[in-house]
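Data first, discussion second: the structure below is written as structure tokens.
The values are calculated or read from the model by the stated rules, or taken from the named source; none is laboratory data. Computed from a predicted structure; not experimentally measured. We place every Cβ from the backbone using ideal geometry, glycine too, and count neighbours over all the protein chains shown. The protein model used for the area step is the full one, side chains on, heavy atoms only, and it has no ligands, DNA or RNA in it. Shrake-Rupley method; radii C 1.70, N 1.55, O 1.52, S 1.80 Å.
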Amino acid sequence: MSARIKPTVNNIISLWFSVDTPLRQYKIRLNPEIWGACQTINQNFNPPSKRKPVEQFKKNDKVAFAKAVQEQLERGKAY
């Protein structure tokens, strides 16, 4: 079973916002670049709905977060 994931919006949302399970931890270990980008974006991310606790994020907040992660990953490839 391969847990390498493509950095799609849905995959990023699933990786970052899902419940912590052994499978999630396995995916994190196999996708350190995506996880690192998520951690970087999370430091200064301001959700569109202005809700701060991650548990209160709306769907559009999660999508905005995932798109910011995708942009971070693209910037990383440019170097």
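Taking the condition outside any loop (DSSP other than H, G, I, E, B) and open to solvent by less than 100 Å² (accessible area, probe 1.4 Å), does Ile5 pass? Criteria not met by Ile5. With the condition kept exactly as written, say whether any residue in the range 58-66 is open to solvent by 80 Å² or more (accessible area, probe 1.4 Å), at pLDDT 95 or above and part of a helix (DSSP H, G or I). There is at least one residue in the range 58-66 that is open to solvent by 80 Å² or more (accessible area, probe 1.4 Å), at pLDDT 95 or above and part of a helix (DSSP H, G or I). Among the residues of the range 30-53, those that are in a helix (DSSP H, G or I) and open to solvent by 60 Å² or more (accessible area, probe 1.4 Å) comprise Pro32, Glu33, Gln39, Thr40, Asn42, Gln43, Asn44. Beta carbons closer than 7 Å, at least 6 apart along the sequence or on distinct chains, pair a first residue in the range 18-40 that is touching a residue at least 12 places away in the same chain (Cβ under 8 Å) with a second that is open to solvent by 60 Å² or more (accessible area, probe 1.4 Å) for Leu30/Arg4; Asn31/Arg4.
For the range 70-79, does any single residue satisfy the condition of being in contact (Cβ under 8 Å) with a residue 24 or more places away in the chain, in contact with a Lys or Arg (Cβ under 7 Å, 6 or more places away or on another chain) and surrounded by 12 or more Cβ atoms within 10 Å (Cβ to Cβ)? Don't jump to the end; show me each part of the working.
Here is the first cut: in the range 70-79, the residues in contact (Cβ under 8 Å) with a residue 24 or more places away in the chain are 70, 72-73, 76.
Now narrow it down to the ones that are in contact with a Lys or Arg (Cβ under 7 Å, 6 or more places away or on another chain): none.
No: the range 70-79 contains no residue that is in contact (Cβ under 8 Å) with a residue 24 or more places away in the chain, in contact with a Lys or Arg (Cβ under 7 Å, 6 or more places away or on another chain) and surrounded by 12 or more Cβ atoms within 10 Å (Cβ to Cβ).
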